[in-house]
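Worksheet for the structure shown next.
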Amino acid sequence: MQSLVIEGGRRLCGEIQIQGAKNSALPLLAAAILGQGETTFTNCPLLTDIYAACRILSYLGCKCKIDGNTVSADTSNLVNFEVPDDLMREMRSSIIFLGAILGRLGECRLSFPGGCELGPRPIDIHLSALRKMGVTIKEEYGMLDCRVEKELSGAKINLPFPSVGATENIMLAAVLAKGQTEIKNAAREPEITDLAKYLNLCGAKIYGAGESTITIEGVDFLHGCQYEVMPDRIAAITYLCAGAITGGEINLAKVCPEHIDAVIPVLEEMGCHLYSYADNIYINAPKRLKPVKIIRTMPYPAFPTDAQAIVSAVLCKAKGTSIIVENIFENRYKHVGELLKMGADIKTEGKVAIIQGVNKLYGTTVCATDLRGGAALVIAGLAAEGKTEVTNIKHIDRGYESIEKVLSFTGAKIERK
Ligand code: UD1
């Protein structure tokens, strides 16, 4: 099992190029199934979750090729409609293949994704929407057997919660469906807009992505195309936090500043100076950070749940008390126990975490419990006194392309062991 070893206490300075977005690349790779022919994605991050998605595509019959950050998929010969259990388990978000396989083949069999590190991960919203579109779904022995009985047909769908995955699955199923689909209370995350842009380039007719009502006019055929994956907003936030906690000065290149609009005021409240221009964001952090009154995670465009653990780690070293309310996932404070081992002072109760900033964090061995929780430990380690070893980094590798190399460029002492 690999780990990351960090010698904390160095001020980070320099420039970081932000990777392509994992949460965009995954639905895009699934969407490639819908177009007949070859699709090429550039700026695709090289991550274990992306390799897992490529293995699923290959199993289905696609010819997949990875060349640096370019991933191409030739979907001319799709032969399988089943995703085997071992591939489903490799990546929780593989449920995103459901809408695409149904759209292309009218049939799909896969295992139920079950729970994950963040608590129960239900898919009831996905399934009830697909049923409305004419899909019969049988759930037995942990498997989902989905079949389009007559034809996939457009429907009016009102989501009880703006679920990102459900919005993506409905869009994927709707582009080749008969007639019009309307999604009300749709997720507005930038990854939804990226998916719509790609599908529209392939010939789809999706209107309103990024707003709460999305309308999709079904078409008969989609072709492949070349598409550049958007920048990863959570990786960008992570590296801004690395700058913040080390009192550093970092310029991020290849980012979409507007995607992190909800986080910039929080870093400013901590006393950091931020400046964005074109596709760059610059941060200059003070020696001692200030606390933040309250952060509430909410669907986009509000503060993202994926940034919660990472920003919490930074607040551990602020001078004063900060409050966090996690509204999206039930079990997203697992990293807190590990931060406590490093000398942090955090109390959690249900959705709420109260962080009392400390003067010093101390290096020790801590275990990554999930992707963003793991990144939070790396951030804390950068500012801790002495050596921090973060174990179980398979979680971190699911979302960050060579995190140790990126941080080393800005002067961090961090290596993979
Ligand atoms: C996506 C992101 C994840 C991010 C999350 C919220 C990917 C691969 N993952 O996950 O990083 O943290 O959005 O921004 O893009 N829910 C239900 N029933 C459903 C679906 C969701 O109850 O059928 C609940 C979930 O349990 C959760 C909330 O809705 O409490 C948000 O989930 P959702 O927006 O669907 O997140 P994901 O798409 O799984």
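Tell me which residues, restricted to the range 361-411, are more than 18 Å from E338 (Cβ to Cβ), open to solvent by 10 Å² or more (accessible area, probe 1.4 Å) and of a type outside the set (D, E).
S402, K405, V406, S408, F409, G411
Just give me the residues in the range 117-147 being part of a strand (DSSP E or B), within 14 Å of the ligand (Cβ to nearest atom) and crowded, with 20+ Cβ neighbours inside 10 Å, in sequence order.
L144
Take the residues in the range 56-93 that are in a helix (DSSP H, G or I) and more than 20 Å from I396 (Cα to Cα), then tell me which one is nearest to the ligand (Cβ to nearest atom).
Among those residues, the one meeting the criterion is I56.
Could you say which residue among V292, V229 is under 23 Å from K360 (Cα atoms) and among the hydrophobic types (A, V, I, L, M, F, W, C)?
V292
Please determine, by comparing only the residues of the range 148-181 that are of a type in the set (S, T, Y) and under 28 Å from T305 (Cβ atoms), which one is nearest to the ligand (Cβ to nearest atom).
In the first step, residues of the range 148-181 are kept if they are of a type in the set (S, T, Y); the result is 153, 163, 167, 181.
Applying the additional criterion that residues be under 28 Å from T305 (Cβ atoms) yields 163, 167, 181.
Working: S163: 3, T167: 8, T181: 17 Å.
The selected residue is S163.
Which pairs do you get when a residue that is in contact (Cβ under 8 Å) with a residue 12 or more places away in the chain, found in the range 351-376, comes within reach of a residue that is open to solvent by 50 Å² or more (accessible area, probe 1.4 Å) and among the aliphatic types (A, V, I, L, M), reach meaning Cβ atoms under 8 angstrom, with the pair 6+ apart or on two chains?
As it stands, the answer is V352/I323; A353/I323; I354/I323; I355/I323, since those pairs meet every condition given.
Among all residue pairs at least 6 apart or on different chains, which show Cβ distances below 8 Å where the first residue, located in the range 391-417, is among the aromatic types (F, W, Y) and the second is part of a helix (DSSP H, G or I)?
Close Cβ pairs (under 8 Å, with a partner that is part of a helix (DSSP H, G or I)) amount to Y400/A235; Y400/T238; Y400/A375; Y400/V406.
Is there a residue in the range 197-217 that is at pLDDT 95 or above, of a type in the set (K, R) and within 15 Å of the ligand (Cβ to nearest atom)? Step through it out loud before you land on a result.
Here is the first cut: in the range 197-217, the ones at pLDDT 95 or above are 197-217.
Imposing the further condition that a residue be of a type in the set (K, R) reduces the set to 197, 205.
Add one more test, that the residue is within 15 Å of the ligand (Cβ to nearest atom), and what stays is none.
No: zero hits.
Being within 22 Å of the chain's Cα centre (by Cα) and modelled with pLDDT of 95 or more narrows it down to one of G381, G373, so name that one.
Result of the check over G381, G373: G373.
Just to check your reading of the model, which residue among E269, E249 is touching a residue at least 24 places away in the same chain (Cβ under 8 Å), acidic (D, E) and farther than 15 Å from I16 by Cβ?
Sole residue among the options that is touching a residue at least 24 places away in the same chain (Cβ under 8 Å), acidic (D, E) and farther than 15 Å from I16 by Cβ: E269.
Examine the range 94-114 for a residue that is within 9 Å of the ligand (Cβ to nearest atom), in contact with a helix residue (DSSP H, G or I) (Cβ under 7 Å, 6 or more places away or on another chain) and aliphatic (A, V, I, L, M), and state whether such a residue exists.
Checked the range 94-114: at least one residue is within 9 Å of the ligand (Cβ to nearest atom), in contact with a helix residue (DSSP H, G or I) (Cβ under 7 Å, 6 or more places away or on another chain) and aliphatic (A, V, I, L, M).
Would you mind stating whether T321 is over 24 Å from I396 (Cα atoms) and either within 14 Å of the ligand (Cβ to nearest atom) or touching a Pro at 6+ places or on another chain (Cβ under 6 Å) (or both)? Before you say what the answer is, go through the steps one by one.
Values: over 24 Å from I396 (Cα atoms): yes; either within 14 Å of the ligand (Cβ to nearest atom) or touching a Pro at 6+ places or on another chain (Cβ under 6 Å) (or both): yes.
Judged against the criteria, T321 is a match.
Say whether the condition of being in a helix (DSSP H, G or I), of a type in the set (D, E, K, R), touching a residue at least 12 places away in the same chain (Cβ under 8 Å) and surrounded by fewer than 24 Cβ atoms within 10 Å (Cβ to Cβ) is met by at least one residue in the range 148-170.
No; the residues of the range 148-170 include none that is in a helix (DSSP H, G or I), of a type in the set (D, E, K, R), touching a residue at least 12 places away in the same chain (Cβ under 8 Å) and surrounded by fewer than 24 Cβ atoms within 10 Å (Cβ to Cβ).
The values are calculated or read from the model by the stated rules, or taken from the named source; none is laboratory data. Keep in mind that what you see is a predicted model, and the values were worked out from it rather than measured. Don't worry about glycine lacking a Cβ; one is built from the backbone with ideal geometry, like all the others, and counts go over all protein chains shown. Keep in mind that these areas ignore ligands, DNA and RNA; they rest on the heavy atoms of the full protein, side chains included. Shrake-Rupley method; radii C 1.70, N 1.55, O 1.52, S 1.80 Å.
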